[in-house]
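Visitor: Below you will find the structure I want to go over with you.
Every read-out reported here was derived from the displayed coordinates using simple, explicitly stated rules and does not represent laboratory data. Small disclaimer: the values here were computed from a predicted structure and weren't measured. Virtual Cβ from ideal backbone geometry, glycine too; neighbours counted across all protein chains shown.
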Amino acid sequence: MLTKIDQNRLDQLFESMNEANNHFLGYPFARDFDYSALWRFLGLTGNNLGDPFQDGYYRVDSREFEREVVRFFASLFNAEADDYWGYVTNGGTEGNIYGLYLARQLYPNAVVYCTPDTHYSVNKGTHLLGMESVSVRSDQYGVMDYDDLLAKSRLNADRPAIVVANIGTTMKEGKDDIARIRETLRESGIRDVYVHCDAALCGPFAPFLDPKPAFDFADGADSITISGHKFIGSPMPCGVIVARKQHVERVSRAIKYIGTVDTTLTGSRNAFTPIVLWYATKQLGREGLRKLMIECQAVAGYAVEQLNAIGVPAWRNAGALTVVFPKAHGSVKTQWQLATDDVSHLIAMPGTTRQHIDSFAAAIDANRDATFLLDSARDALEKLHLTDQVI
C-alpha cells in the first residue's frame, strides 16, 4: 500500500500530465482515443516472444491479433499477398533501425543516403550498425533534392545504395518520392538498391492523399514503418514495420527454448499494443482513417488562416497536417510544447480542435513581442519563397 505522501505524488503526477495533455500542439500524438474496453488486459503477463507468425511455447500472447494488424497495413501499403512480413514495434525508431538492419544484411557494403530532415533515429541506426551514410540535400519544404542524390550517388556508383525515404518529415511533413529515388539511382548506374520508407506520421493516411505519394510496395519500397501512437493514437508508444518477406528470411534463426524463430529486433515484446492497434483498425478501417485525415487537414488549414490573420507567416505543404511558422520563444513555446528547430510547428492531430487553434493564436497575439521577431521572420520566409506554397 502506498503512503499518503506517495499517493498524493501519484495524483499530482496525473494532474500534471493531464494538464499538459490538453495543451500540446507541437508533437504528433492523437489524443481522442478511448481504449477503456482493453484495460483488463493490463492485469496479464502478456509477452509476444519471437516471431508473430509462429506460435511459440509461451501462450500469454496476442500474436493472432498482431498478425491481423500487420495484414491490415500490408494491404494498405499494397504488399503482395505472399511477400510480406511484419510485427508491432515499440515505435518508429525501432522500425527505422530494423529496416536498416534488413538492408545491411542484403547489402553489407552499401552506402546509406538520407537527408538532414530525416528522423534522428536513422543516424543512430547507421552508427549502431556500422553503416556508412551520405547526407543528401533537402529543399525548403523538407523534400529530398534528387539532383543532389544523383550527384552523390554517382560518387559511389560501384556500391549498392540504401535510401531512407521520408513520408512526412519531422518538422515540415515533406514527402519523398520512392519512384523518383529509384529512377535517379538507375541514372547513376546503381542496380542494387534498398529503399526503406519512414512513414511514422503519414503512413496510415498517405494512401488517401490526392495525389497519393509514391511510397508503398507497389512504388518500390522494401520496408515501411509507421508509428501507432501518432495518427492512430495509443496510450503508449508503438509502431508497425512491414517488409518484403525475402529480406526477413535472411535474418531469421531458430531459438529452441522459446519454440519459435528470432526475426524481431527485441526478444520480449509488448502484447498490449498489438491489441490496441487491432482495436483501432477494427473500429476505424480504411474509411475511418480517410475521414480522420480530412478532419485534421481542415483544422490545419484553419490554423494557417488564423495565424496569417494575426500576422504570423504560417504555411503547410499540400495536404499536410503540419503547420510551419517562425521560430517561437518564451511562454507560448513552453505552454503549447512547440517542437522547434530553425522553425517551429504545430500539428493538427486527431483530437486537435479549432478551439485549440483559437486559444493558441490568442496566446501568440497577446505575447507577440516575446514570441517572434515578426519582421525579420517574414523577411526570411519571403526570401525562401514559402509564401508561394500551397496551403
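Visitor: Per DSSP H run of at least 4 residues, take -39500 (n - 2.57); add these up for the chain, divide by its residues and hand me the 222 nm value, nearest 500 deg cm²/dmol. The partial results should precede the final answer.
Guide: Working: 12 runs with 153 residues, N = 391.
Per the formula, -12500 deg cm²/dmol.
Visitor: Could I ask something else about it? Give me the one-decimal nm value for the distance between modelled label points at Q54 and S75, 7 Å along each residue's Cα-to-Cβ direction.
Guide: 2.6 nm
Visitor: From the residues H23, A37, G319, which one has its Cα farthest along the dipole of the chain in the positive direction, the dipole being from +1 and -1 charges on Cβ of Lys/Arg and Asp/Glu about the Cα centre?
Guide: A37
Visitor: Provide the net charge surrounding L289, with neighbours chosen by a C-beta distance below 15 Å and charges set as Lys +1, Arg +1, Asp -1, Glu -1. Let's see the in-between values first.
Guide: Details: positive: K212, K230, K282, R286, R290, K291; negative: D32, D210, D216, E287, E295.
The answer is +1.
Visitor: As a test of understanding, state the convex hull volume per residue of the stretch 288-329 from its alpha carbons, in Å³.
Guide: Working: hull volume 2.8 nm³, N = 42.
It comes to 67 Å³ per residue, whole-number rounded.
Visitor: Here's something else I'd like to know. Apply 1/(1 + (r/R0)^6) to the Cβ-Cβ distance of L10 and A179, taking R0 = 41 Å, and write down the FRET efficiency to the nearest 0.05.
Guide: Numbers: r = 52 Å, r/R0 = 1.26.
So the FRET efficiency works out to roughly 0.20.
Visitor: Find how much the distance from D369 to Q105 grows on full extension, using 0.36 nm per residue of separation minus their present alpha carbon separation; answer in nm with one decimal. Can you show the working numbers first?
Guide: Numbers: separation 264, 0.36 × 264 = 95.04 nm, distance 5.31 nm.
Fully extending the segment from D369 to Q105 adds 89.7 nm.
Visitor: OK, next. When ranked by the protection proxy of mean other Cβ atoms within 10 Å per residue, highest first, what sequence do the peptides 42-52, 309-319, 4-14 form? Write out the running numbers ahead of the final one.
Guide: On the way: 42-52: 17.3, 309-319: 19.3, 4-14: 10.0.
Per-residue mean Cβ counts within 10 Å order the peptides as 309-319, 42-52, 4-14.
Visitor: To the nearest µm²/s, what D does Stokes-Einstein give for the stretch 36-283 at 4 °C and 1.567 mPa s, using the Kirkwood radius over alpha carbon pairs as Rh? If you can, show how the numbers build up before the last one.
Guide: Values: Rh = 18.3 Å.
Roughly 71 µm²/s, to the nearest whole number.
Visitor: Within the stretch 222-253, name every residue whose backbone N is under 14 Å away from a label modeled 7 Å from Cα of E19 along the Cβ vector.
Guide: Zone members listed by number: none at all.
Visitor: Please give the net charge around E19, taking every other residue with its beta carbon less than 14 angstrom from that of E19, where Lys and Arg add +1 and Asp and Glu add -1.
Guide: Numbers: positive: R31; negative: D11, E15.
Result for the neighbourhood of E19: -1.
Visitor: Once label points are set 7 Å from the Cα along Cα→Cβ at both E64 and D139, what is their separation, rounded to one decimal in nm?
Guide: Computed distance between label sites E64 and D139 equals 5.0 nm.
Visitor: In addition: Might you report the magnitude of the Cβ-based charge dipole of the stretch 36-283 about its Cα centre, with Lys and Arg at +1 and Asp and Glu at -1, to the nearest 20 debye? Write down the numbers at each step before the final one.
Guide: Details: 26 positive and 30 negative charges, 120 e Å.
That gives a dipole near 580 debye.
Visitor: Given the Cα atoms of the stretch 161-218, and with Rh set as the inverse mean 1/r over their pairs in the Kirkwood sense, what is Rg to Rh to two decimals? Please list the in-between numbers first.
Guide: Numbers: Rg = 11.7 Å, Rh = 11.9 Å.
Expressed as Rg/Rh, it is 0.99.
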